[in-house]
Structure formats: structure tokens, C-alpha cells
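The values are calculated or read from the model by the stated rules, or taken from the named source; none is laboratory data. Keep in mind that this is a model prediction, so the values were computed, not measured. Cβ sites come from the backbone with ideal geometry, for glycine too, and all protein chains shown count toward neighbours. All accessible areas refer to the heavy atoms of the entire protein, side chains included, with ligands and DNA or RNA removed. Shrake-Rupley method; radii C 1.70, N 1.55, O 1.52, S 1.80 Å.
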Amino acid sequence: MSMDQTNLQILANYCAAAAESMGWTLMRTAHSTFIKETEDFSCQILDVEGRTVASPKTMGATWYTGLDYGEVLRGLDYEDGDIYLTSDPYSGSLATHTPDVHLWKPIFYDDQLMCFVGCHVHNTDVGGAVPASLSRSLTEIQQEGLRLPPMRLVRNGKMNEDLLNIIRRNVRLPEQNLGDMNAQLACVMTGERKIYEIIERFGPTHFLSGLEDLQSYAEKQARAIIRTLPDGDYSFSDYTDEDSVNGYPMRIHVTLRIRDDQIELDFTGSDPQLSSSLNVPTGGKEKHSLALIAVIYAFYTLDPSITLNHGLTRPLRAILPRGSVVHAVEPAAVGMRSLTCNVIQTAIFGAFAQVLPDKFPASPSNGVSLLNVKTQSASGRMIMASLGPVGGGAGAGPNNDGSEGCGANMSFLKNTPVEINEAEVPIRMLRYGLVPDSGGAGFYRGGSAVEMSIQVFTPEVIVTARNRDRCVFTAWGLLGGRAGGASRFSKVSTAHQTQELGSTDVVKCDPGDILTIIGPGGGGYGNPFARPEDKVRTDVLRGFITPKAALDDYGVVLTDKLDIDQAATTQVRASKNQSELSLFGHGERRTIFEQIWTPERYNILTQILARIDISWRHFIKNKLFDVIKTHPISAESGIVDVINAYNNLQKSFPSLPVFTLI
């Protein structure tokens, strides 16, 4: 029995409120800063098939709107009061790296299973090879800490003590992990209580049908949006700086296909599965949340009134080639999947920018570094804490500058107040603020980056800076806008020696050392030389840009008193007028890279790698990059030189197939 529209909206509000209540319970009772301050968690109301019907809109991670618990739910024995968990990325592709522990609880009413409530948190540490468990240097999932397959945590009100003992012995701060787990238990209990209230209001029959109706309504909204988009194929690529420690760039390539009221995202042409932890364990699921979330962001851009649930994914399909970086197979390390997911999102944004450049913004900054510190207190007690995200701003849009230092598509990760960091961790914050000249120039300016500088005071400090990126390939501008500024990571010793760390993500520090992270900036939108002169001057006065950037990037000449020199400005702007604006403004280093690795050559590279065994792919990619770097191929030779380079390598490794174009 379908609900009428009024009652359906009321049910949607009730479910969203229940999910919000779950989120507040989790956040207020959690032990770790990463949950109670940074808010790296999610909460869901799930139907009996495990599909997300509602999640919080004002807190927590927004990547999980379309999350599907289905595969891990099936085949388990449920009784009223049970609670289950998992953190294994290769058990149903629900948890996507080992620190993410998912809990779910079946909700029964009059002995009938009505739905599930679920949540996940990112634990600061789950053991493994490095503090905080994650580094791009790790090469197999066994190095990334404790993996928990789907199993029962609670039955008949009793905790599985054997499981808890395994957790205690495998993580660095068991009291913190178990404290956060208790917060998760409180979260799902809150969810159960709220679901009972909703069932009592609507009745069990209407409640069950209403959960399906909500998803059908979201599907209807999604299809209506897609029908407003022009049919066609739109391809875009984006890169990480490194595919491994000190490695070569890694490419995500996507083709967005729009047909009537359906969308297909084809990731063919993306890099192979890597011998590092940048892999994404989607299981090849065509509706996997991490593959599709950027489309849901695009929907929300076009219609902020959409109903956020799994139904939005029904008209969507992702093609995720097995053995590629977007469909890794065991035992690939996957801890840095969030870095790759960010690039997946910006690649999809780039495709949508071709569909409606007057509606979509330039690239967000990406490269949000999550800073974690392992140290000790004055009494010798171990401390593991997250200091919060250090990223950049949003890409500028067709009507506005990019938001400053917000993290953009990662803005659900909140900053931690300086006072809390200094109270909980023996460090000193030397600087925490915005970086001048970091936002990409444009008629609308890209959002500024964040800088964090800390000093440590204890020996044997280990700092992990997860997701270090955007030192090389920066956020792209749109319609004449320029690329955002690059990120930077450095350490200054007590001897005043500076070490540039680039994309290094695990750093050992001595007492007195100073670490500084500068995030990347967002891309600009539109012709910077058409930006109103008074806005450029205001940006200088506010510290967003320097007088030099006002001249170089915007053609605005300022006097020593920071007044506009109108005559000089008119002359400079006339000399720099851009009559034709390119759609994308890529930074200089990407432009240089793509003069060698053109789209055609990179596509043939990925075709070659797709035909060989998964275990060889990253190795052969590196060998081909070595050859091309040593003997650059000419623009005239096209893809033939890549094929010849591979076939020459094949002579040294005869177990590999000879490549010929089909």
C-alpha cells in the first residue's frame, strides 16, 4: 500500500530525525577526537534488504547516502537484540578500509523484521604496520591492521568477550577503540528506540511500504534530473601525484554516458591495481557508494530538494574493471582509498562540467591531509590523536567565489579547535590559518588553502599525514579560471634544517621539530582579468591574495597604500585580455605531463595492462614509465612507441603476452 505524498514526506522527516538522533548520540559519547570533533562517522536507517533510507544531513560523512549493507546482511542468523559488526573490506565491500568499523542491529516488531539501523566510525588506530594504521607505503591489506569479518557482537544482551579480547590485543589504544564501540552501541540503541516510535505512529504495514516508497520517490527525482541533461558521452581524467611512495602519477579516467533518464560511469582507462594502498575495494559493484557519490553531489547541486537515500542510485551504473585501482582484489592494500575516492569525485565533476559548465563549479582543492600524532604524555601514557583535516577551499562556481578552507567535497570532516588539540596532545600550534595566493585566479576566485604548523616536544613522535597529495597536479579551473595552488609538507629541525616532505605520509619527529602542512587551493572560474577591480583590492585587504598576485593574476595595479591605480590597471588588463577562454585550466605540471602521456597514449597503456595478470600490472606500468621518461616519445609517433616499449619489455618476461591491437 503506497503512502500519499503528505504522509510520505512526514515519514521522510521522521526517519531523517531518527538518523540525526543516532548521530548526536554517537558524537556525544565517542572517546576519540576523530569522531567527536572531526565527525568521521555515518548513521543509517536501512530497509530489510540493507539499503539506506535515511542518514543525517547536518553531521557525519556524506559519502554514504547510497550505502548498501545487503551483501553482509545476507546469510546471518538474526534474533531480536542482536548486534553485528565488520571492518573487513573484502567481506561484502561494506567497510572500505580496516579502520572503518560498521555496526548494525535488526529491528523487530511483533516478531517481524522491520528494518535495520547501522553506523560506522573511523577508528584512529586498528593496529598494523604504522601508527594510525594507514600509509601509502603499505602493500597488502594484512599490514593495515585488524580485519573483522561480519560477526555477532551482542546476543541476548551479552557482549562477545572473545571478540573484544582480540580487539584489545591488536590495537594501540584499546580503551579508545572500545570506548568508541560503546558509542556505536548507544547509537544503534537510540536508532531502535526511534524506529519503534515511528512504527507506533504509522503502523507496521505503512512503515514497511513507506521505506520502499521513499526510495522510489528518490529514484523518480533522480530520473527527472537526468532527463534535463543533454545525452552524450563526456570523458575526463584526473590524477594523484604518486601511485606509490615516490612513484609515478596515478590516473582516474571516467566516461560519463547520459541516455534519457539513465547514467553510466565507465572507469575503463583508470590505472591498474597498485602495489600501494591507493586501491578502492568496490567489489566491482555497479552501485557502490564510493563510485557514485559524486553523481549524488551533482544531483544535489541541480536540485537541493532531492530525497537523499539509496533510491537515487537506481538510474546509475558504474563500470569498475576488475584488477584496476577502482576494483582492487585481495590482498591489495586499500587504506588510502579516500585519496583515490577524492580523485574519482573530481574526475566525475570534470565530466559534469562539460555537460553544464554554467551550472557546475571548478575543481575542489582535494588533497585533504588528515594529521594524526602518536606521542606520550608527561607520565608516559601513550597518546594517539587526530589533529583534524588540513585541506583547501572549494572550487569557484558560476555565481560565487569558492568557500575558504572548507575542504569542499570533504567538508563533512570538521576542524578540531586549537584549544582541544593542545589540551589533549603535548604539541603547540604555531599557525593555523588561510594561505594567501592559494585559491585559483578567476572571475570568481577559488577557495583558499589551510596551513597548520605544529611543534612537538617529546621523543619518538610519529606523525601520519594521510592522503597527502596535490603537490604536483592541482585543482583545475573552469571557463578561463586558473588552477589552484599546490600543497606542501615540510619539517624544520631544532638545527633549523628544512626537509621538504612532499607526499610523505609517515614522519618521525624529535623534540622541538616543527611540521608545516599547506593544503592545496580550489580552482578558479571565469576570466580573472574581468574580475571587478574593487573585489581584487578587497581580496588583498583581507589577505586572500598579495599585491603581486593582484597584478600578475588579475591585472590590477595597487599603490603603496593599496589604492587602485586606475590608469595602470586599464593598460595592464588591455594587454592581457583573453578573447578565447579554455574550458579547463590545468596547472603547468599537468600540461607538461600530458604532452608526453597524452590521453591516447595513456589509454593504450591501460589497454596493455588490462591484458596481463593483475600481479604484474603495477610493475609493468612502472617499467613503461621508466622507458618513456628516459626516451620521450615524439608527438608524431602516437601510441606505437608505447606498444613497442611494452613488447620490448615482454622479451625479458616471456610469461607475459605480446600485445597487438585488436
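Summary table
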quantity: Helices (runs of 4 or more DSSP H) contained in the range 1-110 and holding at least 1 residues open to solvent by 20 Å² or more (accessible area, probe 1.4 Å), among the polar types (S, T, N, Q) and touching a Ser or Thr at 6+ places or on another chain (Cβ under 7 Å); calculated: 5-29
quantity: Some residue of the range 457-478 being touching a Ser or Thr at 6+ places or on another chain (Cβ under 7 Å), surrounded by fewer than 24 Cβ atoms within 10 Å (Cβ to Cβ) and free of Cβ contacts under 8 Å to residues at least 12 places away in the same chain; calculated: no
quantity: Every pair of residues 6+ apart whose Cβ atoms lie under 9 Å, when the first sits in the range 377-396 and is at positive phi while the second is assigned to a strand (DSSP E or B); calculated: Gly388/Leu370; Gly388/Leu371; Gly388/Met452
quantity: Candidate set: the range 583-631, residues that are among the acidic types (Asp, Glu) and over 17 Å from Leu661 (Cβ atoms); chosen: the one surrounded by the fewest Cβ atoms within 10 Å (Cβ to Cβ); calculated: Glu588
quantity: Which listed residue, of Val329, Val325, Val334, is of a type outside the set (Ser, Thr, Tyr), touching a Leu at 6+ places or on another chain (Cβ under 7 Å) and within 21 Å of Tyr90 (Cβ to Cβ); calculated: Val325
quantity: Boolean, Glu404 is assigned to a loop (DSSP other than H, G, I, E, B), at pLDDT 90 or above and either farther than 24 Å from Gly484 by Cβ or open to solvent by 40 Å² or more (accessible area, probe 1.4 Å) (or both); calculated: yes
quantity: The range 174-184, residues that are in contact (Cβ under 8 Å) with a residue 60 or more places away in the chain and surrounded by fewer than 20 Cβ atoms within 10 Å (Cβ to Cβ); calculated: Glu175, Gly179, Asn182
quantity: Ala449 of a type in the set (A, V, I, L, M) and farther than 16 Å from Arg431 by Cα; calculated: no
quantity: Filtered residues of the range 632-662 (kept if surrounded by fewer than 18 Cβ atoms within 10 Å (Cβ to Cβ) and of a type in the set (D, E, K, R)); calculated: Glu636, Lys651
quantity: Within the range 198-240, considering residues that are of a type in the set (Asp, Glu) and free of Cβ contacts under 8 Å to residues at least 40 places away in the same chain, the one most open to solvent (accessible area, probe 1.4 Å); calculated: Glu200
quantity: Selection status of Val121, touching a Phe, Trp or Tyr at 6+ places or on another chain (Cβ under 9 Å), open to solvent by less than 10 Å² (accessible area, probe 1.4 Å) and closer than 30 Å to Thr504 by Cβ; calculated: yes
quantity: Subset of the range 216-254 [of a type in the set (A, V, I, L, M), assigned to a loop (DSSP other than H, G, I, E, B) and over 30 Å from Val53 (Cβ atoms)]; calculated: Val245
quantity: Wholly enclosed helices (runs of 4 or more DSSP H) of the range 497-591 bearing at least 3 residues closer than 24 Å to Ser487 by Cα; calculated: 533-542, 547-554
quantity: Total residues in the range 614-662, condition within 34 Å of the chain's Cα centre (by Cα), in a loop (DSSP other than H, G, I, E, B) and at pLDDT 90 or above; calculated: 1
quantity: Residue, farthest from Gly484 (Cα to Cα), within the range 592-612, restricted to residues that are touching a residue at least 12 places away in the same chain (Cβ under 8 Å) and among the charged types (D, E, K, R); calculated: Arg611
quantity: Residues (under 30 Å from Met384 (Cβ atoms) and touching a Cys at 6+ places or on another chain (Cβ under 7 Å)) located in the range 72-121; calculated: Leu103, Cys119
quantity: Residues (part of a loop (DSSP other than H, G, I, E, B) and open to solvent by 10 Å² or more (accessible area, probe 1.4 Å)) located in the range 375-394; calculated: Ser377, Ala378, Ser379, Gly380, Arg381, Ala394
quantity: Residue list for the range 349-359, restricted to those being surrounded by 22 or more Cβ atoms within 10 Å (Cβ to Cβ) and either over 15 Å from the mean Cα position of the chain (by Cα) or in a strand (DSSP E or B) (or both); calculated: Gly350, Ala351, Phe352, Ala353
